[in-house]
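Some notes on the structure that comes next.
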Protein chains: 10
Amino acid sequence: MLFHVRMDVNIPNDLPKAEAADIIAREKAYSQDLQKSGKWRHIWRIVGQYANYSVFDVKDNAELHEILSGLPLFKFMDLEVTPLVRHPSAVRDDDS
Amino acid sequence: MLFHVRMDVNIPNDLPKAEAADIIAREKAYSQDLQKSGKWRHIWRIVGQYANYSVFDVKDNAELHEILSGLPLFKFMDLEVTPLVRHPSAVRDDDS
Amino acid sequence: MLFHVRMDVNIPNDLPKAEAADIIAREKAYSQDLQKSGKWRHIWRIVGQYANYSVFDVKDNAELHEILSGLPLFKFMDLEVTPLVRHPSAVRDDDS
Amino acid sequence: MLFHVRMDVNIPNDLPKAEAADIIAREKAYSQDLQKSGKWRHIWRIVGQYANYSVFDVKDNAELHEILSGLPLFKFMDLEVTPLVRHPSAVRDDDS
Amino acid sequence: MLFHVRMDVNIPNDLPKAEAADIIAREKAYSQDLQKSGKWRHIWRIVGQYANYSVFDVKDNAELHEILSGLPLFKFMDLEVTPLVRHPSAVRDDDS
Amino acid sequence: MLFHVRMDVNIPNDLPKAEAADIIAREKAYSQDLQKSGKWRHIWRIVGQYANYSVFDVKDNAELHEILSGLPLFKFMDLEVTPLVRHPSAVRDDDS
Amino acid sequence: MLFHVRMDVNIPNDLPKAEAADIIAREKAYSQDLQKSGKWRHIWRIVGQYANYSVFDVKDNAELHEILSGLPLFKFMDLEVTPLVRHPSAVRDDDS
Amino acid sequence: MLFHVRMDVNIPNDLPKAEAADIIAREKAYSQDLQKSGKWRHIWRIVGQYANYSVFDVKDNAELHEILSGLPLFKFMDLEVTPLVRHPSAVRDDDS
Amino acid sequence: MLFHVRMDVNIPNDLPKAEAADIIAREKAYSQDLQKSGKWRHIWRIVGQYANYSVFDVKDNAELHEILSGLPLFKFMDLEVTPLVRHPSAVRDDDS
Amino acid sequence: MLFHVRMDVNIPNDLPKAEAADIIAREKAYSQDLQKSGKWRHIWRIVGQYANYSVFDVKDNAELHEILSGLPLFKFMDLEVTPLVRHPSAVRDDDS
């Protein structure tokens, strides 16, 4: 089941640099593990923004919430979640 | 080069049904040709909306504008275009 | 799997009264069938608005989209869909 | 009498962790007591957000304000209150 | 129980003048009856707008919805409803 | 001459508690004096908000500005001022 | 007593040209009479817009509402009214 | 050449009082000099706001930017600039 | 003197095709004449929109308003005008 | 390939002055190098704002993101990126 998520990151200017670097490193590892498992289906950087558009493939809402609320950067993010469904004109097998 | 596009369709209530059906059929064919060519990389229906999120893979801005302004439903759509770039955490080859 | 949906109805002033009445009657029957089946879990009128808040319990996004896009009033509605998950403080069994 | 409430929580980053944990624990107990009493009728987590949709069943506006302004997290919340009434198509007894 | 309501009126330009005049006359009578009964506690015109701020005193949400949805101008209005409660600094007896 | 004012209060989290309590006490006295004088005609708490709707009866704009800018909480408030005039359907003597 | 008003004009495309021309001519005469009387203190066109910023000098809210609701273009305008008061730094006698 | 400017002032709560008072005093002198020179044509306080509407009469965009960016309060202000032109209905000589 | 203008075009669906084509042809000629004269300094199509960003070089506000209000498509456009000034970091001679 | 970018700068009030001055100096050098190379095609200051409109000429989205995310002021900026294409009415060679 697919969900579209926009993530905007706002790290406060007064967060110690080492702490920020640590969170960002953990975020990257967390994201790549989920990408490899197939649950984090797509991720693209938005040009000129500290933000991304992602597509998740999860078994239900609960699994999506668990993944998102577990993001190391979660408390510094604005998230916007949109449920998706196969488009009637889609031709590509993996767009559903 | 990738672009994220949100398309919202608003067909006026007084458009003759036959004309609407014809435009929608041409839209579907137009979209599927571009999907098969690889230029319209992804398309997903947004749940509960007459709207979709799409990702295009084009050689430049001009090609994207030619594709979008040629959509049979173009004059009944609100389009929102966002340029994308490979995310530094991406692992999937075709997310760029 | 639960989803929160806000529905705002805007019936155009020039829709013939008989046609409007017919759509509204079909909408009511459609809604009540789904409520009885348990898929349309809750529906409340918003005071002073031709609008409602509803909660749906469906097996996946596709089922929700099929239900919503099949609403007799669908083309006269603005819909806003929000995925829900059990709240960690919830005590009531059927809030998930 | 039913009210729909959206609650968004924003705990400042510089609140001491122990103080935050204490407030959150008191919030949970406060919510569960009201749920058990039947006044806090429903609560659902919004996927990907530190936020919930709730439905309250109170005897009047004053009781609702007393409950909301007494929330341990009140000063860190944005609240949006909407009065509800039984929907003319509702079939479920307890949706009013 | 008090509610604050903002009403904005938008009568379509193509509504026949006689029909508009009839609705407006019925609206005035409807409003004055409710004012005399004490349920429509206050009404003020907003300067430069075809709009008003009103305060209603009703026994519950259902009565308020019945009053508002019964307004002869209801389908040409945007309504915004806000529940009120006595202010802790209020000195005037009838502000609650 | 009547004016409708919405006041939203945002006291910063780092204001010393004693200072906040002192300002709030002075605000209450200030408001009650003006209510007794008849200049602050109405005040209602908005349910679930640290906010109120008020109606002022002043001799001109200058008097209103003097009152509002003298509020002890002024620098922590967002104010929205709307001039009012007697509604043509009003029946109550003191709604003008 | 001074008020700042922004006026945006939206004449529907299907209004007969002669009717539009007549309304616009009456609007101009109406405005110039009020300017000569001193009540419509200033009027400036906003560059690139069918809109103006104006300043009115009236004896009270009621007089302002009477003037604005009497504008021949009133039903085709969006009006935004802001009460003004002499600025503490003002040096010019007629800015109050 | 005339420009309409709205200025909203937001002085941070943690700015030392003496520093704030000094900036405000310099702002007043700066404004009054420009008013006397005729370049700052009008200034009015907005009722209930730490804000003003002003009209500037400058020889070009560059002169306006030099004036605005030189405001002692500039870094604590939100500015909104609108170019003006003589209104075709204006009768007053100095409204252009 | 430079101004940035965003133009969004909305031609109503019920405008006769021949009339629309005529207006568009006149718009093109009007724009190209001004471009050749140097007053319409730049024009770019926004990808996926019936809209453009333009830069005008005019002697004053009045000339800009005359140009914009004379656009054949003026009544079908939303215009947003922003005054510009040479940037302190600019190196290119003709960016002022 | 052209992109329109609006940049709004918000330097926090508590950033040490020397650090701010250093970042601003590096921003200027960075911008001027890119302008000389032809990649930062235009830059204009917005009157009354710490903001600019710019046009970039880059070979693809990736190059634009590299330039923008490398701006010394990047973390203190809000950026809004819009892809451009040659306008069908353009006459100037270098507007594409």
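The values are calculated or read from the model by the stated rules, or taken from the named source; none is laboratory data. Since the structure is predicted, the reported quantities are computational estimates derived from the model, not experimental observations. Heads up, the Cβs are rebuilt from the backbone with ideal geometry, glycines too, and the neighbour counts pull from every protein chain shown. Quick note on the areas: whole protein, heavy atoms, side chains included, nothing else; ligands and nucleic acids left out. Shrake-Rupley method; radii C 1.70, N 1.55, O 1.52, S 1.80 Å.
Some points to look at:
- For region C:1-37, the set of residues classified as aliphatic (A, V, I, L, M) and more than 23 Å from D:V5 (Cβ to Cβ) consists of C:I11, C:L15, C:A18, C:A20, C:A21, C:I23, C:I24, C:A25, C:A29, C:L34, listed by residue number.
- Exclusive hit being in contact (Cβ under 8 Å) with a residue 24 or more places away in the chain and within 20 Å of G:F3 (Cβ to Cβ), set F:L79, F:L71: F:L79
- Selection within region G:56-69 - surrounded by fewer than 21 Cβ atoms within 10 Å (Cβ to Cβ) and assigned to a strand (DSSP E or B): G:D57
- Pair list, Cβ < 7 Å and 6+ apart or interchain, from region G:17-37 residues that are open to solvent by less than 60 Å² (accessible area, probe 1.4 Å) to residues that are polar (S, T, N, Q): G:S31/H:S89; G:Q32/H:S89
- Listed conditions (1) farther than 28 Å from A:V5 by Cα; (2) modelled with pLDDT under 95 are all met by D:H65, apart from (2).
- The set of residues in region B:38-48 being more than 7 Å from every other protein chain (Cβ to nearest Cβ) and assigned to a loop (DSSP other than H, G, I, E, B) consists of B:G38, B:K39.
- The residue that is farthest from H:H65 (Cα to Cα), among those in region I:70-90 that are open to solvent by 50 Å² or more (accessible area, probe 1.4 Å) and either among the hydroxyl-bearing types (S, T, Y) or in contact with a strand residue (DSSP E or B) (Cβ under 9 Å, 6 or more places away or on another chain) (or both), is I:D78.
- Test: I:S54 is of a type in the set (S, T, N, Q), more than 8 Å from chain J (Cβ to nearest Cβ) and under 23 Å from J:Q35 (Cβ atoms): yes
- The set of residues in region J:7-23 that are part of a loop (DSSP other than H, G, I, E, B) and either of a type in the set (A, V, I, L, M) or more than 30 Å from B:V81 (Cβ to Cβ) (or both) comprises J:I11, J:P12, J:N13, J:D14, J:L15, J:P16.
- Listed conditions (1) under 23 Å from D:Y50 (Cα atoms); (2) assigned to a loop (DSSP other than H, G, I, E, B) are all met by C:H4, apart from (2).
- Among the residues of region G:21-36, those that are among the aliphatic types (A, V, I, L, M) and under 18 Å from the mean Cα position of the chain (by Cα) comprise G:I23, G:I24, G:A25, G:A29, G:L34.
- Those residues of region I:1-28 which are at the interface with chain J (Cβ under 9 Å from one of its Cβ atoms) and of a type outside the set (D, E, K, R), in sequence order: I:L2, I:H4
- Residue in region G:24-37 that is among the hydrophobic types (A, V, I, L, M, F, W, C) and assigned to a strand (DSSP E or B) present: no
- Any hit, region C:84-91, residues being more than 22 Å from D:Q49 (Cβ to Cβ) and at the interface with another protein chain (Cβ under 9 Å from one of its Cβ atoms): no
- In region F:1-16, the residues that are touching a Ser or Thr at 6+ places or on another chain (Cβ under 9 Å) and open to solvent by less than 20 Å² (accessible area, probe 1.4 Å): F:L2, F:F3, F:H4, F:V5, F:M7
- Subset of region B:38-49 [under 22 Å from B:F3 (Cβ atoms) and crowded, with 17+ Cβ neighbours inside 10 Å]: B:W40, B:R41, B:H42, B:I43, B:W44, B:R45, B:I46, B:Q49
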